[in-house]
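No value in this document is a laboratory result; all are computed from the given coordinates. Please read these numbers as outputs of a predicted model, since none were measured by experiment. A quick note on method: Cβ atoms are made from the backbone with ideal geometry, for glycine too, and the neighbour counts reach across all protein chains shown.
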Amino acid sequence: MRRLSIVMPNYNYEDFVGAAIDSALAVRWPDVEVVVVDDGSTDGSRAIIAGYGERITAIFQANAGPRAACNAGFAASTGDVVIFLDSDDMLDPAIAERIAEHWRPGLSKIQFAMQRVDKAGAHAGGVFPDFGSVPSPEQVRHWIESTGAYPTPPGSGNAYAREFLELLFPLDGTCGEDTDASTLAAAPFLGDVITVPEPLVYYRLHGSNRSYLLADDDRFREQLDQAYRRHRYALAVAGRPERDIRAILKGRHLLQLRVAHHRIRPAERPIPFDSGAQMARDALTTPFAPGPEGLAHRLMVSVWALTVLAAPQALARKLIESRFSQ
């Protein structure tokens, strides 16, 4: 690894963007560039970003969404390794040193565990994902081919090879607005994924996270629609047959999202070939599906899914809220 580019899209995160930039500038490596793209913020973000002067590359654009911001940031970057840092997250100063220890030709990305922190930046819960034993690139590839899923952190927890990103960028919206929907799905198909279980990214919980599903019932549908589109996208860029899309029905996390959405919005069908009966079959067979989870977790998912499918609406809702609360 020679140059590390840290690309940071920002929209109305004045409370956090300064800490995110500070963490990027504090990364220990001789060649780090920080590119911050403000996507038409209406709060005080732009003044904070401008205050860093020539220490960063700042791009100010009219609001066009996260995908356009990441496209602009990637186009302005020059590093052979790229991290897309959410402007409410923070990096550990040692992250570049750890990347360099594992970097080699043929990688699509290196992924790290993330430490949950609260709004003030203090530890707030455990580390995620819980990788258990560190998976090999071959295991990661097998899992996504078999179930459409593999253990991975969201956007900030990944360092990508530029050669891999150049196969995908500029992103065209096939997978929606979230950049990591495309990159995470395609990574195991187009290169090796190396996992570092050490928490080197701080994931801030503040109630407005896009990943907080209980903030709005529509987010379950959005997650399912995104999962369907991103796996189709990954299959297309990898030259795999369209029929392989049905593998996503074997994913255990997606099963829980499917069941939750089915009970909340039974008339909607984000995955066209899905149904309540299919979910029940998948819940019964999920203990035997491939994946990194242990038997206890597999059985827990099976029991939870079957219970939510059969429970009265009020109880089903409580079980969903308990499962997906932050």
Notebook entry, point to check: Under 18 Å from the Cα of Lys250, which aspartates and glutamates turn up, not counting those fewer than eight places away in the same chain?
Noted result: Glu145, Asp225, Glu242, Asp274, Asp282, Glu293
Next item on the list: Rank these for me by crowding, Val7, Val81, going from fewest to most other beta carbons within 10 Å.
Entry: Val81, Val7
Next item on the list: Sticking with the crude label model, points 7 Å out along Cα→Cβ, report the distance from Ala94 to Val237 in nm, one decimal please.
Entry: 3.1 nm
Checklist line | Calculated P(r) tail over 19 Å for region 154-261, as whole % of Cα pairs | finding: 52 percent
Next item on the list: Starting from the Cα of Asp225, step 7 Å along the direction of its Cβ; do the same at Ala267; then give the gap between the two resulting points in nm.
Entry: 1.6 nm
Checklist line | Rounded FRET efficiency, nearest 0.05, which uses the C-beta distance separating Arg2 from Val134 and R0 of 22 Å | finding: 0.30
Checklist line | Ranked list, fewest to most other Cβ atoms within 10 Å of each Cβ, for His262, His123, His206 | finding: His123, His206, His262
Notebook entry, point to check: Which value at 222 nm does the chain reach when only helices count, each DSSP H run of 4 or more adding -39,500 (n - 2.57), with the total divided by all residues and rounded to the nearest 500 deg cm²/dmol?
Noted result: -12500 deg cm²/dmol
Next item on the list: Give the relative contact order (percent, whole number) for the chain; include only Cα pairs under 8 Å separated by 6+ residues.
Entry: 17 percent
Notebook entry, point to check: Assuming R0 = 41 Å, what is the FRET efficiency of Ala120 and Thr78, from their Cβ-Cβ distance, to the nearest 0.05?
Noted result: 0.75
Check: Measuring from centroid to centroid over Cα atoms, what is the spacing of region 2-58 and region 215-230 in Å?
Finding: 29 Å
Next item on the list: Identify which of Asp225, Asp86, Asp43 has the largest mean-square fluctuation in a Gaussian network model of the chain, with springs joining Cα atoms closer than 10 Å.
Entry: Asp43
Next item on the list: Of the listed values (1) 177; (2) 129; (3) 322, grab the one calculated as volume of the Cα convex hull per residue in Å³ from the structure here.
Entry: (2)
Next item on the list: For every other residue with a beta carbon closer than 14 angstrom to the beta carbon of Trp304, add +1 if it is Lys or Arg and -1 if Asp or Glu, then tell me the sum.
Entry: +4
